[in-house]
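Please read the structure below before turning to the comments.
None of the figures in this text is laboratory data; all of them are computed from the coordinates on show. Remember, it's a predicted structure, so these values are computed and weren't measured experimentally. As a convention, Cβ positions derive from the backbone with ideal geometry for all residues, glycine included, and neighbour counts pool all protein chains shown.
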Amino acid sequence: MTKKLYTERRFLRTLEKAWAFIEGSINRFAHSDFNPLYHLGTLTIFMLVVLIATGAYLTVIYRPGLDVAYATVEKIDSNWFGSLMRSVHRYAADAMILLTILHLVKILVSDKFWGQRWLAWTSGWIMLAVTWLVGTMGYWLVWDQRAQWMTEYMMETLAGSSGLTYIAADIESRTFSNFVIILFLHVFLPLIGFLGIYIHGLRLSRARWWSPRWVSIQAAVGLLVLSLIKPVQSFAPADLSTLIQSVPMDAYYLGFLPLIDKLGNVIFWGLAILIGGSLFLLPWLASGRDLGPALVTDPKCTGCVLCYAECPYDAIRMVQRNDNSGYQKLAVINAAQCTGCGICVGACPTDAIHLQGGYNSEQTFNALRGAVHREVKEGHTVTVLFASQRAQALGGLPITLLPQEEGQGMREHPHITVTGWGGDEAARVITAVLPSVGAVNIEWIKSLLNGDGARDVVILSHPYDDALNREDAHWILNRLHLRPALLTKGLHWLEVTPGDAGTVAKFLDELHSERGQANKTAPLLPPVKGRNKLVPSFVSALVGTALLLGLFALALPLDVKAGMSAAEKSALRVAVDAKGKVQLADIPEGVALPEGADPAKIFGGEHYPMSVRVLVDSMTMLDETYKPSGISGNGRISALEFLEIEPGAHQVEVWVKDDSDEYRLAFSNQVVFDKGKVMLLLYDEARDAFVVR
C-alpha cells in the first residue's frame, strides 16, 4: 500500500487543525513569541532544571530510613522556605509529565514522529517513562500513606523476599538499604536524563535546549504562585497494619494504584503495554511519506555550503570534489536524514537541488513566472502569495484561492493556482504552495517584482516557533535580512497561525484596496537573532503566565482521593521466611563426623518445599507450596500472601508441611479482625509455629 503524504493524512490534519486553533486563540491575546505552547519541549527541560535545583536543597535535609524519613519531611515543611521548595519540586514534577505529554501530542498530530524523526519520538517516550518512575520514587521517599500503598502493591506483586523486607524482625536494617537505593536512583536518574535529552536531539543540526527567557520566567512564576496558593502536604505516616481508606493520589504518578486495585494487574498492565507499545512503535506502524529526499544536480552545485548551513536535520555533508568543475566542494544528501522540507531548495542560488518526491523548484518557478507574464499581459494586477503545504492542509488559505474543484482558482501547475480576488475583475492572486515557507528562493522575489511585473509578493509564514519543518521561517527571514534591497513596498511578510484563513483574506482585501496600495510601506520583518532579549508586553506576559499557571494547576483536581478496595474489609497477611528442612544424603559407612559438624553442609541433601494451608472458620483460604530459592534449589523459602477477611471473630488455623510427613498444625486461635486492619502471621522457624505480629 502506498504511504500517504502529509496533506493526504486527513485524520491527523483534522487533529492538527484543532491544536492550531487553540494556539491561535492564545495568539489573539498574546504575541506568539511568548505562547508557551510553542515551547513545550524546551519548557520540559526547564522543569528538569527546576527539579534538580529544588531537589538538591531537599536532599541535603532529607534522611533515609523507616524511622526518620517521615520526620525529616515534616522538618522540611516546618519553615516557609522548605515548604516552598517542596511544593515547587512537586508541581514541577507534575508539570514535567504534563508538558512531555503535550509535546508528544503535538508531535503526533503534526505528523513529525516517523521517518528520520523516529529517534526523537521513541526517546521521548522512554524519557516519559523514566520521569514517571523517578516521580513515583519521590512519593515513596515521603513514607506517608501514599508510600504505604506503593509498598503494599510491591509486597503483593513481588511477594517472596522482596515483599518481606517491611515485615521482617530486623525491619529497620532491611529497609534502610531500600531507602538509600531509592534515594540514589531518585537523585541520579534525572542527572543522566540530560543524556536522554542529547539523544533526543541527536539528529538535529541545531537542537534548541532552552525556552526564550520570558517563557521560562512565566513558567517559574506559575510554579511559585501555585505553590503559594496550595502548598504540598504530607498525609498520615505509613502504617502497614492499617488498610488505606482514603488518601489523595497524584494521578500523574500514582493513578496506576487505584486503577490496578479495580482492574487487576493483568488487565491494567496488558492495556498499558498494548497502548504504550503501539505508541512507541508508531513510526513504523503509521508512517507516511514526504517529498524527499533531496537530490543534488552535480554540475549545477558550486559548493557554496548554503544548503549545508541551513539544513535543520543534519542531512547534508560537503565532500571534497574531484571533477573538472572548478569547484572544491559538493553537497551530498543523506537520504535517511532528509525530511523533504525544501529549505535547502530555497537556499540554493543555482537551482541545483530538487525533491525527488515531487517538487522541482526550477520547474515551479518557471510555471509561476509564466502565469505572472500571462496575467500581466492581459492587463491584470498580480499578487503572488507564497504559502506552505501546511497552511493549505490546515485550511489556512481562503477557499477562493484553492483550485476550481474546491474554490474558484485555476490550477496552472501542481503547486500554482491563479484566481481573481474581490470585486476587482483585473486583480489576480497567484498562489504558490511550497513544501515549506523556507523553500522560497529570494531570487524569485527579485525577479517577480523587478522583471516579471508582479505588483505585490506576500510571504505567508507561520509563527516563528511553530514550524512543520524546523527553522524554515528562521532561514527565509535570515535571507531577507541579508538582502535589504529586497525589502521594498511590493514585498509583504504576513505571520499567521496555521488555519487562520480569515486573517489572510482580510490582509488581501486590504492590500487590494486603494487605501492599502496608497499606504504600502517596506515590510518590518521580525528579528532573527536575539529573541531571548525580547521583552513582552504586559498582556503577553500576563496571558502566558496565566496559561502556564492553569496547566500546572491541573495537578490539583488530579489529586484524586482513593482508597484500597480491601479497606472495606480486613485482611490477613501470611509471611514465611525460613531456611527449610533438608533430606540428608546417605552418609558413607564408617564415616564419623566431628562434634558439631553439619552433615547437610558436608554431604548435601534435597531441600524440601514448604506447603502452607490456611483455614478460616474451616474454609480453605490458602493452599500453596513454596519452593526453596536459588539456582540449585537450596536457598531460603520466602512467601508473602494477602488474604481479605470479613471483619469479626474467626477461627484461624494454619497447617504446614515441610518434610515427607503429613501436615502439622502451626497456628490455631480465635482471632478478631477489625475493619480496615491487617493481621500478620509470621512463621517463626525456631518455634516451628506462626506467631501474630
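Just to be sure I understand: if I project the alpha-carbon convex hull of region 433-509 onto a plane and average over all orientations, what area do I get in nm²? Spell out each step's value before the answer.
Working: hull surface 20.8 nm².
In nm², the orientation-averaged hull projection of region 433-509 is 5.2.
This model, with +1 at the C-beta of Lys and Arg and -1 at the C-beta of Asp and Glu, gives region 374-534 a dipole about its Cα centre of some 660 debye. For the chain, CYS301, CYS304, CYS311, CYS338, CYS341, CYS348 stand unpaired, since no other cysteine beta carbon lies under 4.7 Å from theirs.
What angle, in degrees between 0 and 90 and rounded to the nearest 10, separates the Cα long axis of helix 171-200 from the longest principal axis of the Cα atoms of the chain? Taking Cα atoms only, the helix is inclined about 10 degrees.
What size of dipole, in debye to the nearest 20, comes out for region 618-693 about its Cα centre when the only charges are +1 on Lys and Arg C-beta atoms and -1 on Asp and Glu C-beta atoms? Computed charge dipole of region 618-693: roughly 280 debye. The aspartates and glutamates whose alpha-carbon is closer than 12 Å to the alpha-carbon of LYS579, local same-chain residues fewer than 8 away aside, are ASP658, ASP684, GLU685, ASP688. Panel values: region 374-534, Kirkwood radius from alpha carbon pairs, Stokes-Einstein at 10 °C and 1.306 mPa s, translational diffusion coefficient 99 µm²/s. So what's the angle, to the nearest 10 degrees on a 0 to 90 scale, between helix 538-552 and the longest Cα principal axis of the chain? Roughly 30 degrees between the two axes.
Indicate, rounded to the nearest 5 percent, the antiparallel portion of the DSSP beta bridges found entirely in the chain.
Numbers: 62 of 85 bridges.
Close to 75 percent.
Using only alpha-carbon positions in region 31-284, the gyration tensor eigenvalues give semi-axes of 33, 24, 16 Å once each is multiplied by 5 and square-rooted (largest first).
With viscosity set to 0.890 mPa s at 25 °C, what whole-number translational diffusion coefficient in µm²/s follows for region 294-343 from Stokes-Einstein and a Kirkwood radius over Cα pairs? Before the final figure, lay out each step's value.
Working: Rh = 11.2 Å.
Diffusion coefficient, whole number: 220 µm²/s.
Compared with the dominant principal axis of the Cα atoms in the chain, helix 118-142 is inclined by about 40°. Around the Cα centre of region 191-271, unit charges on the Cβ atoms of Lys, Arg, Asp and Glu (plus for the first two, minus for the last two) sum to a dipole of about 600 debye. Taking label positions 7 Å along the Cα-Cβ direction at both ASP674 and LEU558, the computed distance is 3.7 nm, reported to one decimal. Over the chain, the fraction of Cα-Cα pairs per 20 Å bin, rounded to whole percents and listed from the shortest bin up, is 15, 36, 25, 16, 7, 1, 0.
Over the chain, what is the relative contact order in whole percent, taking alpha-carbon pairs under 8 Å and six or more residues apart?
Working: 1215 pairs, mean separation 102.9, N = 693.
Value for the chain: 15 percent.
Straight-line cross-link reach from LYS529 at under 30 Å between alpha-carbon atoms covers these lysines, not counting any fewer than eight positions away in the same chain: LYS17, LYS106, LYS112, LYS329, LYS446, LYS489, LYS506, LYS520.
Rounded to the nearest whole Å³, what is the per residue volume of the convex hull around the Cα atoms of region 314-438?
Values: hull volume 15.4 nm³, N = 125.
Cα-based convex hull of region 314-438, divided per residue, equals 123 Å³.
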